[in-house]
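Q: Supplied in structure tokens, the structure appears directly below.
The values are calculated or read from the model by the stated rules, or taken from the named source; none is laboratory data. Fair warning: this is a prediction, and the values are worked out from it, not measured in the lab. Glycine also receives a Cβ, built like all others from the backbone with ideal geometry; neighbour counts cover every protein chain displayed.
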């Protein structure tokens, strides 16, 4: 068995293991299946890397650089990360680089290499990786002008209270009288939203952002609201989805219908009654 930079790989001669399938088709299928299983086993690393990048402001930094056609190294990105107020934090460039390379493998960012000028003959030791935002990554930029980002949805799915519910999935298969979230927290998700102010903010922000994102696409393709006079959004949450519709069709009288603690706390929109 020999090691290289990518890990350990077995080099086995045919004479030692004649039963080893050497045909490319068989080996290729086995390798593909193994790699797919490996990716599933560590799939949780991707949303964790996304969450960390959002929290560090990486996507905003890359988006701003992209406006002038520039890609950035991990060190350049790190230099723009907002430090904690106490200023005691030291950014680990190595960890940031590994996060960026993982995101590059998922086409969230692109990765390229540049040669660092040092006045000497260039070689492989003086190259640096640079990163730029890909179309997928733009959906995780917070603070966009249109306010639409999937970052809040990712925060909801990665929230500790949601993750705790997933731990009860197998128990729910064996006994379906109680859903996973209720097993974890003693009440349904929607009841929990009304009892936990922190989770209330996380949940409603997620619903509002990703609903607006998709409703804008619906309104570009669907014109069936033209003859509607009154529209009730049952479970309308903060009312942002209904507000998009009434903004395009101001003749519609909208009613945002949800639980009292949700509907009454939602923003006021022209032409929409909260109920």
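Q: If I ask for residues that are more than 22 Å from the chain's Cα centre (by Cα) and closer than 30 Å to residue 246 by Cβ, which ones from the stretch 193-211 would you list? Don't jump to the end; show me each part of the working.
A: Start the filter on the stretch 193-211 by keeping residues that are more than 22 Å from the chain's Cα centre (by Cα), which leaves 194-197.
Correct list: 194, 197.
Q: Let me ask you something else. Answer yes or no as to whether residue 270 is modelled with pLDDT under 95 and over 30 Å from residue 162 (Cα atoms).
A: Numbers: modelled with pLDDT under 95: yes; over 30 Å from residue 162 (Cα atoms): yes.
Spelling it out, residue 270 is indeed modelled with pLDDT under 95 and over 30 Å from residue 162 (Cα atoms).
Q: Any idea which of 208, 151 is in contact with a helix residue (DSSP H, G or I) (Cβ under 8 Å, 6 or more places away or on another chain), touching a residue at least 24 places away in the same chain (Cβ under 8 Å) and under 30 Å from residue 69 (Cα atoms)? Talk me through it step by step, then tell me what you get.
A: Working: 208 fails: under 30 Å from residue 69 (Cα atoms).
Of 208, 151, the one residue that is in contact with a helix residue (DSSP H, G or I) (Cβ under 8 Å, 6 or more places away or on another chain), touching a residue at least 24 places away in the same chain (Cβ under 8 Å) and under 30 Å from residue 69 (Cα atoms) is 151.
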